[in-house]
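Structure, as structure tokens:
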Protein chains: 2
Amino acid sequence: MSIRPEHRQASPVGVGETVVAFDVGGTDMKSALFDTHGTLLGLRRTSTPLSGEHTAEAVLDRVAEITADYAREFPGVVPRAAGLLVPGLVDDDRGIGVLASNLGWRDVPFKRLAEERLGVPVAFSHDVRGAGEAEFRLGAARPFTDVAIMVIGTGIAGAIFVDGHPHLAGGFAGEIGHSIVIPDGPLCACGGRGHLEAIASAGAIARRYNERTGLAVDGSRDVLARAQAGDEIAGAVWREAIEALALSISQLVALLAPDAVVIGGGLAQAGPALFDPLIAELERLLTFHRRPRLVPAQIGENAGLIGAALRARDLVVNGAPADRPVAS
Amino acid sequence: MSIRPEHRQASPVGVGETVVAFDVGGTDMKSALFDTHGTLLGLRRTSTPLSGEHTAEAVLDRVAEITADYAREFPGVVPRAAGLLVPGLVDDDRGIGVLASNLGWRDVPFKRLAEERLGVPVAFSHDVRGAGEAEFRLGAARPFTDVAIMVIGTGIAGAIFVDGHPHLAGGFAGEIGHSIVIPDGPLCACGGRGHLEAIASAGAIARRYNERTGLAVDGSRDVLARAQAGDEIAGAVWREAIEALALSISQLVALLAPDAVVIGGGLAQAGPALFDPLIAELERLLTFHRRPRLVPAQIGENAGLIGAALRARDLVVNGAPADRPVAS
């Protein structure tokens, strides 16, 4: 069976072991093989098999099925390890999916279960930490050792690198989206109030505009377009999001003083309409603090898969996460 | 010359090399020798020699004078290294006092200058990171690897340990006192607005009560006593401080998820009147987040000297910071 051209694309992971990677989201799951040249093969997006309390098992079955499909489709490309990312609270060190309320699991030993099904070592992590690892090793965060990575989409998730290493804290670290910016402010999906995610995520921007106008909008991009066209309510919603982001980043800066804050996800596609006012507002809030670079993510929509592949390769090379590899 | 009893006291540093330690503050500087048994000798508090733009030089001269005094007073106790802590922005790695606005220095290479004067290796750090190191190795933070330490007095300073190591970021990390809790809130000494220090430091509590009542008070302890006696304004000032502390800690928890937050300084002496409502308010603010222990500092007022002594001993043992030693 020949490999169809659309199943091959360059990736930044470089030369290394052959691995298979999975990035499981709340709606879709993505998968790909990475060959010894770092070429991405068989990129596939399928629905996440939602089965209530059996979702974890269904996801693991799907992972095994896709791996078997790849074995038939790419018989010469045999993965020596796998990378698996899931959302929610994830304990990388213990290999456990601690909690994913919208996927119905709690304390699932994903790493062990995936290794039983696939017969190869499995690197298991959180979806945004995986994407962050890709940005840290190969993307926008590569020049820095102390970095915060924020992915702003439906929600806001984050990953923190301190002194060149991901800071995990049992999976609880990096939750900048669930940091309070307005005490007793709008309700967050997690049950908290005034969290950054409830004000400044792309999802919240669309929702808040809808709440104030009764108008349906096609996401945060639509709100920004309306703001740029002079819609005052859209302008206020966008500005409040920028102010909330700047406030949260200023708090992060006071505590951690990172070299850079990398912003990815759908909202980052707003480009200068996001970054220019955000940088100005952050500058207004800071005094003696270190100024971090605010930079857009570079790796793109496959960052999760690429991070999962990097972690999987680490397992083959030395059984533990490596320092940043040299990309080919 | 015999050693007078009041010049000897037990310390928790344990057995090790003989070192001399200095903890320079904005008003006073403290010093002591630590002998091979870990006994603290010659504890001395003198005024910090404030000389405008020459203060750094005057401090270094004083450090040399006191060391010479100790050599006369304790001739058998010869330090093999020194520890020196100063306030302000401090770059431990480069050995530089970056900025101390109230002490008039900027970019002073304290480590090199002190080594020239004393003729022994000098461990140079920030006063609160030094005290934090004592709490981390020997005190309240000892059981934990991820810890934030806050010292709440005239101001609020902090130190952060991530995965068992102090996080420095060139001296800019740990500034929880200069994290915004009330946007465009009260002016902070650093020029910012609504910083935690401007609302919840012991100094701010006394000042805010004075501003609202015109009454002079004897520090935050007096405000607390008035609050406990039913003074509503004192109660409001105290409560606002607790709420600001809980909010800032909740933000720290979302980002770093530390195992514990250690609180020292004058305000911590309020005991349960501080910790009980603070723990309750923090619990109200958190949702899925990890719950840190909130614990009072244990080492006491000599924590800075003890941390400086530990760092100095590290230099003799291996030329670099050691892991936590076993106290005798």
Taking the label point 7 Å from Cα in the Cβ direction, how far apart in nm is A:A280 from each other copy of itself, listed shortest first?
-> 4.5
Compute the signed sum of charges (Lys and Arg +1, Asp and Glu -1) over the other residues within less than 13 Å, Cβ to Cβ, of B:E301.
-> -2
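Between B:S51 and A:E301, how high is the FRET efficiency from 1/(1 + (r/R0)^6) when r is the Cβ-Cβ distance and R₀ = 56 Å? Nearest 0.05. Before the final figure, lay out the partial values.
Working: r = 60 Å, r/R0 = 1.07.
Once rounded, the FRET efficiency stands at 0.40.
Would you compute, from DSSP H runs of 4+ residues alone, the mean residue ellipticity of the protein assembly as shown at 222 nm, taking -39500 (n - 2.57) per run and dividing by the full residue count, rounded to the nearest 500?
Numbers: 18 runs with 242 residues, N = 656.
Mean residue ellipticity, 222 nm, calculated: -12000 deg cm²/dmol.
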Net charge contributed by nearby residues that have their C-beta within less than 14 Å of A:R80 (K/R +1, D/E -1) = -2
From largest accessible area down, sort A:T27, B:T213, A:T48; use a 1.4 Å probe on the protein chains.
-> A:T27, B:T213, A:T48
From the label point of A:D107, set 7 Å along Cα to the beta carbon, how far off in nm is each other copy's matching point, shortest first?
-> 5.6
Extent of the protein assembly as shown along each principal axis, from alpha carbon coordinates, in Å, largest to smallest?
-> 93, 55, 42
Accessible-area ranking of B:L315, B:L245, largest first, probe 1.4 Å = B:L315, B:L245
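Tell me the Kirkwood radius of segment B:9-113: reciprocal of the mean inverse pair distance over distinct alpha-carbon atoms, in Å.
Working: mean 1/r = 0.0702 Å⁻¹.
One over the average 1/r among Cα pairs gives 14.2 Å for segment B:9-113.
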antiparallel share of DSSP beta bridges within segment A:143-296, to nearest 5, in %, is 55 percent
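Can you give me the convex hull volume of the Cα atoms of segment B:142-296, divided per residue and expressed in Å³? Walk me through the numbers on the way to the answer.
Details: hull volume 16.8 nm³, N = 155.
It is 109 Å³ per residue.
Can you give the percent of C-alpha pairs in chain B whose distance is more than 30 Å?
35 percent
Between A:R72 and A:E283, what FRET efficiency comes out of the Förster formula 1/(1 + (r/R0)^6) with R0 = 45 Å and r the beta carbon distance, rounded to 0.05? Before the final figure, lay out the partial values.
Numbers: r = 55 Å, r/R0 = 1.23.
Here the calculated transfer efficiency is 0.20.
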Accessible surface buried once A binds B (1.4 Å probe; total of both sides; Å²) = 3100 Å²
GNM on chain B, Cα springs under 10 Å; top mean-square fluctuation among B:R62, B:R311, B:R137 goes to B:R62
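All other residues with a Cβ under 13 Å from the Cβ of B:E17 taken together, and with Lys, Arg as +1 and Asp, Glu as -1, what is their net charge?
Values: positive: B:R80, B:R311, B:R313; negative: B:D35, B:D314.
Taking every Cβ under 13 Å from that of B:E17, the sum is +1.
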Roughly what would the spin-label model give for A:L215 and A:A58, points 7 Å off Cα along C-beta, in nm?
-> 3.8 nm
Calculate, for B:T27 and B:R239, the FRET efficiency according to 1/(1 + (r/R0)^6) with r their C-beta to C-beta distance and R0 30 Å; round to the nearest 0.05.
-> 0.50
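Accessible area per residue of chain A at 1.4 Å probe, in Å²?
Values: 12990 Å² over 328 residues.
Here the per-residue accessible area is 40 Å².
Find, to one decimal place in angstroms, the Kirkwood hydrodynamic radius of segment B:46-190, where the mean of 1/r is taken over every pair of different Cα atoms and then inverted. Present the calculation step by step, with values, prior to reporting the outcome.
Values: mean 1/r = 0.0600 Å⁻¹.
That comes to 16.7 Å for segment B:46-190.
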Using a label point 7 angstrom from Cα along Cα-to-C-beta, what distances in nm, from shortest up, separate A:G219 from the other copies?
-> 5.8
Taking the Cα atoms only, what angle lies between the long axis of helix A:202-213 and the longest principal axis of chain A, rounded to 10 degrees?
-> 40 degrees
When the accessible area of chain B is computed with all protein chains present and a 1.4 Å probe, what percentage of it is carbon and sulfur?
-> 52 percent
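The values are calculated or read from the model by the stated rules, or taken from the named source; none is laboratory data. From a predicted model like this one, the values you see are computed outputs, not experimental measurements. Don't worry about glycine lacking a Cβ; one is built from the backbone with ideal geometry, like all the others, and counts go over all protein chains shown. These accessible areas exclude ligands, DNA and RNA; they are computed on the full protein's heavy atoms, side chains included. Shrake-Rupley method; radii C 1.70, N 1.55, O 1.52, S 1.80 Å.
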